[in-house]
Amino acid sequence: MDKAILYTLRGCPTCEKAKQGLSRRGVQFEERRVDDNPAWWNEATALAATVPILVWGDRVEVGWEGEEG
C-alpha cells in the first residue's frame, strides 16, 4: 500500500493528535500542511471542510478518533 497522506493545518490540536497516533502505530504518512501550500489546500477542500483528513489509497477519513479540527 502507498504511504497515507495526512492533510493538516498549523496550530490544529486534532491534527497533532492524528500525527502522534499514526506515528505510535507505525503508520508511514506524508503530511501536507494546507496552510503552507495552496495546491494542498485545494486538494483538501475538495475532500472535506475540515482537517485532519487522512487518505489511505481510495479511502478518506475526516477527523481523528471522533474529533474534528
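Structure values in brief
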item: Every residue from the range 14-33 that is part of a helix (DSSP H, G or I) and farther than 16 Å from Gly63 by Cβ; result: Ser23, Arg24
item: Candidate set: the range 44-62, residues that are under 11 Å from the mean Cα position of the chain (by Cα) and assigned to a loop (DSSP other than H, G, I, E, B); chosen: the one nearest to Gly21 (Cα to Cα); result: Pro52
item: Residue selected from the range 57-69 under the condition in contact with a helix residue (DSSP H, G or I) (Cβ under 9 Å, 6 or more places away or on another chain) and farther than 19 Å from Asp2 by Cα, by the criterion surrounded by the fewest Cβ atoms within 10 Å (Cβ to Cβ); result: Glu65
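Let's see how each residue does on (1) in contact with a Gly (Cβ under 9 Å, 6 or more places away or on another chain); (2) over 16 Å from Asp2 (Cβ atoms); (3) not acidic (Asp, Glu):
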site	(1), (2), (3)
Gln20	no, yes, yes
Ser23	no, yes, yes
Glu30	no, no, no
Arg33	no, yes, yes
Asp36	no, yes, no
Trp41	no, yes, yes
Ala48	yes, yes, yes
Val51	yes, yes, yes
Val55	no, no, yes
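Throughout, read-outs are computed from the coordinates displayed, never taken from laboratory work. Values in this document were obtained by computation on a predicted structure and should not be read as measured data. In this analysis, Cβ positions are derived from the backbone assuming ideal geometry, glycine residues included, and neighbour counts consider all displayed protein chains.
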